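Visitor: Quick one: the structure is below, questions incoming.
The values are calculated or read from the model by the stated rules, or taken from the named source; none is laboratory data. All of these numbers come straight from a predicted model, not from anything done at the bench. No Cβ is skipped: glycine too gets one built from the backbone with ideal geometry, and neighbour counts run over all protein chains shown. When the accessible area is computed, the model is the full protein with side chains, heavy atoms only, and any ligands, DNA or RNA have been set aside. Shrake-Rupley method; radii C 1.70, N 1.55, O 1.52, S 1.80 Å.
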Amino acid sequence: MKRSRKTALVLMGSAPLLLVACAQQPEVQTSEGLFTTVEACAAETMNPGMCRQAFDAAQAQADEVAPRYASREDCEAEFGEGQCATRQHAGGSFVGPLMAGFVLSQMMGGRGGAMAPAPGAGPAAAAPGNARATPAFLSNQSGWLRPQAGPGGATALARTGLQPDRAPTVSRGGFGRSGAGRSAGG
């Protein structure tokens, strides 16, 4: 066998390995924390400026993503007495729950430019650097809720497993997340 044929066979044999290596998504790690106050956030992250801006960004989104109720009684049945108010949004008013906290999310490894904007977030939602913030609401029946993108681009509140005022937790995305989703037995 000629040397050129051997070289072609070696290259053909290694091509699938190269394609598999290129198809893997890079692992993405995010750090998320649920905080009830700016002070609690600053105590855990050691960055009071970022916490203040995250709180302000979440508060700016709260009117946009808060659930709407026909009456204060309906809202208080879900979120508790004194936890609802008449809110203003887009030239109208509605009854909705008060923001009880905010979720601060940071992408680890300095790849913040790749983060998707928070559901319902306007331009003020992004905190400087690679962080973003969303409002959190405390329901009597469902626990802590945060906005998430739903079908058709609508924003809906979904339950979060984050514990308030604790150190941010790190979660993995990318290949590790999809691989974990396919594993059995958890």
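Visitor: Heads up, I need the accessible area for M107: 1.4 angstrom probe, whole protein in place, Å², nearest 10.
Guide: Ignoring ligands and nucleic acids, M107 comes out at about 20 Å².
Visitor: Taking 25 Å as R0, compute the FRET efficiency from the Cβ-Cβ separation of N140 and T37 and round it to 0.05. It would help to have the intermediate numbers written out before the result.
Guide: On the way: r = 21 Å, r/R0 = 0.83.
Once rounded, the FRET efficiency stands at 0.75.
Visitor: In addition: Quick one: if the Förster radius is 30 Å, what FRET efficiency do A8 and Q29 give, using the C-beta to C-beta distance and rounding to 0.05?
Guide: Numbers: r = 41 Å, r/R0 = 1.36.
About 0.15, to the nearest 0.05.
Visitor: What is the gain in length, in nm to one decimal, between M46 and A90 on full extension, counting 0.36 nm per residue of separation less the C-alpha to C-alpha distance?
Guide: Working it through step by step, the gained length comes to 12.3 nm.
Visitor: Hey, another quick one. Enter the mean projected area of the convex hull around the alpha-carbon atoms of region 28-104, in nm², rounded to one decimal.
Guide: 6.4 nm²
Visitor: What percent of all Cα-Cα pairs in region 66-107 falls into each 10 Å bin, going from 0 up to the bin containing the maximum distance?
Guide: Result, from short to long distances: 29, 45, 19, 7 percent.
Visitor: Okay, moving on. Using amide H atoms built 1.01 Å from N in the peptide plane, name the residues 5+ places from A136, or on other chains, whose amide H lies under 5 Å from its own.
Guide: A100, G101, F102, V103
Visitor: For region 53-58, in order, what is each residue's ³J(HN,Hα) by Karplus, 6.51 cos²θ - 1.76 cosθ + 1.60 with θ = phi - 60°, in whole Hz (x at glycine and Pro)?
Guide: Using θ = phi - 60°, the values come out as 5, 5, 4, 4, 5, 5 Hz.
Visitor: Give me the number: length gained by fully extending T169 to L18, i.e. 0.36 nm times residue separation minus the C-alpha to C-alpha distance, one decimal in nm.
Guide: Computed gain between T169 and L18 is 51.0 nm.
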